[in-house]
Every structure is written in structure tokens, then in C-alpha cells.
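Single-structure report; data block below.
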Amino acid sequence: FADIDGGRPESADPLQHIGWRQTLLEAGVLADRGIIPQPSIMARSGRGVYLFWLLRDEKNPALPPKAWPEDIPIYKACNRALQTRILENRLPADMSASDVARVFRLPGSIHRKVGRRVEYIIQADRSGGFLYTLPEMAAFCGVLMAPALSLPKSTRALATPQGPRKAKNPGSAPFRSSIPTRTNARRAQDLVTIARWRGGFLKRGELYPDGTRAYGRRRILVMYAYFLRASKTPRSEALQALQTMAASCRPPYPSDPDDTSISSIIKSVYEDDTFKTFKTEYLCSNLGITETAARDLELLAIRPRSVALEADQARPTQKDVIEQRRKFADHLINDQHRRLSCREYMRAVEAAGFEKISHETANRDLNDIGYRVSERPAGGRRPRKEYNGGK
């Protein structure tokens with residue numbers, strides 16, 4: 001997406017004086033000239049203009065792509081590249097708007113500062129609309145992108161961000177909730193993200209565009225194998241994952257006569273009695289992960305300690321999460337006037353983005369906000385009848 005600021009005659013930037021209709025016209029000219037892809041949607045945001053490029057899945061064009069962690073850096077890089085091209089052609093694109101979670105004005109809503117309605121214009125071609133895969137956008141924008149990598153499903157399921165803190169004071173007990181299995185699953189996920197970001201790992205000693213000297217393909221593959229083993233990934237799945245990463249290297253590994261085979265790497269790692277471990281500082285140093293890179297890539301485990309502590313302090317406590325969840329329950333019942341059973345509340349909580357909760361926790365939440373058992377609809381838990389002596 002691109003957010004183009006306009007309709008601001010009071011701005012010190014003369015580029016922002018342009019009206020929304022002229023902005024829309026000039027953005028269309030850029031697309032016709034091939035400087036940017038044809039937008040899927042062009043929108044009048046009230047004063048300025050939004051441009052959207054809708055993404056589709058590579059394998060199933062009827063579906064949008066999944067937001068895998070390793071694809072987010074490519075997505076961000078494409079956004080920055082599009083905005084740079086627009087800005088270079090004298091349209092005031094907002095270069096700070098390249099994040100993943102972005103809130104735009106809804107179509108049909110009123111921009112209250114100027115009293116104008118937000119309007120979305122969908123562009124159509126012979127196939128029905130302009131849709132792109134992420135690799136297509138990356139190729140157009142000149143963003144280096146490694147082929148899709150394969151992280152085993154069981155490993156990806158473990159490599160989730162840390163949940164709420166149980167410690168009351170932020171940073172007082174950092175990372176205590178992490179167990180080695182999850183930590184290594186997160187490291188495996190981070191390595192896949194870094195590989196995607198680097199466009200594939202280079203031979204040892206070669207330089208990446210940011211000046212980082214390559215750690216070496218075989219060394220990284222060995223490291224990846226240890227992460228997979230420590231996250232309890234089955235050996236057969238680890239072999240497949242390693243083969244996929246090896247194929248994405250530049251050049252694909254193995255390429256030289258003295259290169260160790262992938263099967264030999266897996267065999268040596270999975271049969272190693274001593275089991276090698278890696279310090280986070282060592283990983284960051286050899287993979288070229290700075291504080292800026294760790295934040296931009298949203299890494300989960302391979303990141304400088306300062307970034308890890310910052311993320312730990314930003315995590316809510318378990319008490320905060322419970323309070324937020326119960327406020328949500330109160331909103332459903334008292335503001336929306338919904339009558340919920342425990343199961344319905346559990347489904348609503350999960351749909352709203354909270355962690356999945358048990359029936360007992362749902363019951364406790366509902367009782368806490370004063371929603372008693374006797375008030376619940378058919379299908380919910382009923383009050384126990386008093387014993388009347390068998391009559």
C-alpha cells in the first residue's frame with residue numbers, strides 16, 4: 001500500500017498542496033508508465049489518496065497469502081520501494097507508512113476534519129481485478145527474495161511469540177517462561193526469516209549488501225539442523241527443511257566437491273551425543289543482526305539482548321490479559337446485549353484474538369462480571385435443582 005498525503009495547503013511541504021483528484025490522476029499515470037504496478041484499489045482518503053495492491057496466494061489464486069513471519073520483511077521492503085518510487089516522482093508518499101498493521105479509513109466513512117466521504121475505487125482488468133503474488137511484487141520492486149522455505153509444521157507451531165508475563169515487574173524475570181524447545185523453534189523460524197531477507201545465504205567470506213561478511217552456507221545449515229533437533233523436529237522433516245534451505249543458498253548448496261552432503265549434516269547433528277549450543281550474542285554477530293534489523297524483521301529469538309528486554313517489558317502481564325478479556329465479555333453482554341453460553345463466549349474470545357481459553361476459565365470470566373448461571377440461555381449450564389425428598 002501507499003498513503004499519499006495531499007490536500008494540505010497549510011503544509012510547509014509544497015508537494016502536499018496537490019488536491020486528491022490530481023493526485024489520483026498522476027498516480028494513474030505512474031502506473032500506465034510502468035513505474036508502479038497498476039493498483040488494485042485507489043481511494044480518496046478525505047484529503048489524500050490511498051493506493052492498494054491486493055495479494056493472492058501463489059498456489060491457490062482464490063485465496064490471500066498467509067502472513068508467515070519470513071514473508072513480512074519482503075512485504076515491508078516492497079512497501080518502501082513503492083513509496084520511494086512515488087516520492088521520486090513528486091507525489092508526497094508517507095515513507096513512515098510501511099508497517100504490517102496499518103489502519104485506514106473505512107470506505108463510506110466521513111473524514112471529520114474536512115467533512116468529506118472516503119471513497120474506494122476498484123480497478124478491474126479482463127480477469128476481474130489486479131492481483132499479485134508477493135514474488136511478483138518483489139520482482140517488480142527489485143527486492144531480493146529467496147525461494148519459499150520450508151519450516152516443519154510442528155516447529156512453526158512451537159515458534160510463537162511469548163505470551164503474557166507472570167512477573168509483576170517488567171524485566172524482573174525475563175524469558176523465564178521460555179523453555180529450550182520453544183527457544184530453538186523460534187531460532188529456527190528466525191533463521192528462515194533471515195534467509196528470506198538475505199535472499200539466500202552466501203559462501204563464507206562473501207559480502208551481503210549491508211556489508212556483513214557471510215558466515216558460510218554449511219555452518220548455517222549445521223546451525224539450522226541443531227535448532228530443529230532441539231525443537232524436537234522429526235529427523236525426516238528436518239532433512240526436508242535443510243534441503244529446502246540449501247537450495248535457496250547462493251549458489252545452491254552443495255556446489256563444491258568438498259561440500260558435505262545434507263544427509264551427512266543431518267546424520268552428524270542428530271547422532272551427536274554432546275549436542276552443540278549457541279549463544280545469542282554469537283548468532284547475532286555472525287549473522288549480522290543489529291538492533292535495527294532485529295526490530296524490522298520482528299525476530300523472536302536471534303536478537304540483541306537490548307531488543308529482547310525491550311520486547312519482554314512490552315509484554316502485558318497475565319493479570320492485564322485477564323482484565324482485557326473480562327472487559328471484552330462485559331462489552332458483549334452489556335453493550336451488545338448478547339446472551340452467551342460458555343462455549344459461545346470461548347469462540348468469541350478466540351475470534352477476537354485472545355488466547356484460547358478453557359470452559360472453566362470462560363465460566364470464571366462470566367461470573368466475575370456478574371453474568372450468573374441462571375441468566376444463561378438454553379444450552380448453558382443450569383442451576384442445580386434442590387432435592388425435594390423424592391416427591
Checklist entry - Could you count how many residues in the range 122-141 are aliphatic (A, V, I, L, M) and either part of a loop (DSSP other than H, G, I, E, B) or open to solvent by less than 60 Å² (accessible area, probe 1.4 Å) (or both)? => result 4
Checklist entry - open to solvent by 10 Å² or more (accessible area, probe 1.4 Å), out of contact with any His (no Cβ under 9 Å at 6 or more places or on another chain) and either of a type in the set (S, T, N, Q) or part of a loop (DSSP other than H, G, I, E, B) (or both): does that describe Tyr226? => result no
Checklist outcome for this item: With criteria (1) modelled with pLDDT of 95 or more; (2) under 25 Å from the mean Cα position of the chain (by Cα), Gly216 comes up short on (2)
Checklist entry - For Ile36, which of the numbered conditions (1) part of a loop (DSSP other than H, G, I, E, B); (2) open to solvent by 40 Å² or more (accessible area, probe 1.4 Å); (3) closer than 30 Å to Thr292 by Cα fails to hold? => result (2)
Item to check | Residue that is modelled with the highest pLDDT [pool: residues in the range 245-269 that are among the hydroxyl-bearing types (Ser, Thr, Tyr) and crowded, with 17+ Cβ neighbours inside 10 Å] | outcome: Tyr253
Checklist entry - Take the residues of the range 311-352 that are surrounded by 14 or more Cβ atoms within 10 Å (Cβ to Cβ), within 30 Å of Leu299 (Cβ to Cβ) and among the basic types (Lys, Arg): which is modelled with the highest pLDDT? => result Arg325
Checklist outcome for this item: Filtering the range 281-295 down to residues that are surrounded by 14 or more Cβ atoms within 10 Å (Cβ to Cβ), farther than 19 Å from Arg217 by Cα and out of contact with any helix residue (DSSP H, G or I) (no Cβ under 7 Å at 6 or more places or on another chain) yields Thr290, Ala293
Checklist entry - Pick from the range 229-239 the residues that are of a type in the set (Lys, Arg) and in a helix (DSSP H, G or I): which of them is least open to solvent (accessible area, probe 1.4 Å)? => result Arg229
Checklist entry - Can Ala67 be described as hydrophobic (A, V, I, L, M, F, W, C), within 22 Å of Ser96 (Cβ to Cβ), open to solvent by 70 Å² or more (accessible area, probe 1.4 Å) and modelled with pLDDT of 85 or more? => result yes
Checklist entry - Going through the range 313-357 one residue at a time, which ones are among the acidic types (Asp, Glu) and either part of a loop (DSSP other than H, G, I, E, B) or under 16 Å from Tyr371 (Cα atoms) (or both)? => result Glu323, Asp330, Asp335, Glu344, Glu355
Next on the checklist: What's the number of the only condition in (1) under 25 Å from Ser285 (Cβ atoms); (2) modelled with pLDDT under 90; (3) surrounded by 19 or more Cβ atoms within 10 Å (Cβ to Cβ); (4) not hydroxyl-bearing (Ser, Thr, Tyr) that Gln189 fails to meet?
Outcome noted: (2)
Item to check | Failed condition for Tyr371, given (1) within 30 Å of Pro73 (Cα to Cα); (2) modelled with pLDDT under 85 | outcome: (1)
Item to check | Residues of the range 41-71 classified as hydroxyl-bearing (Ser, Thr, Tyr) and either in a strand (DSSP E or B) or under 22 Å from the mean Cα position of the chain (by Cα) (or both), total | outcome: 1
Next on the checklist: Can you find, within the range 195-217, the residue that is most open to solvent (accessible area, probe 1.4 Å) among those that are aromatic (Phe, Trp, Tyr) and within 23 Å of Asp258 (Cα to Cα)?
Outcome noted: Tyr215
Next on the checklist: Given the condition hydroxyl-bearing (Ser, Thr, Tyr), without any contact (Cβ under 8 Å) to a residue 60 or more places away in the chain and open to solvent by 30 Å² or more (accessible area, probe 1.4 Å), answer yes or no: does some residue in the range 11-30 qualify?
Outcome noted: no
Checklist outcome for this item: Taking the range 77-92 and keeping only residues that are charged (D, E, K, R) and not in a helix (DSSP H, G or I), one is left with Arg90
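The values are calculated or read from the model by the stated rules, or taken from the named source; none is laboratory data. The structure displayed is predicted, hence computed values, not measured ones. Neighbour counts are summed over all protein chains in view; Cβ atoms, including those assigned to glycine, are modelled from backbone coordinates with ideal geometry. The protein model used for the area step is the full one, side chains on, heavy atoms only, and it has no ligands, DNA or RNA in it. Shrake-Rupley method; radii C 1.70, N 1.55, O 1.52, S 1.80 Å.
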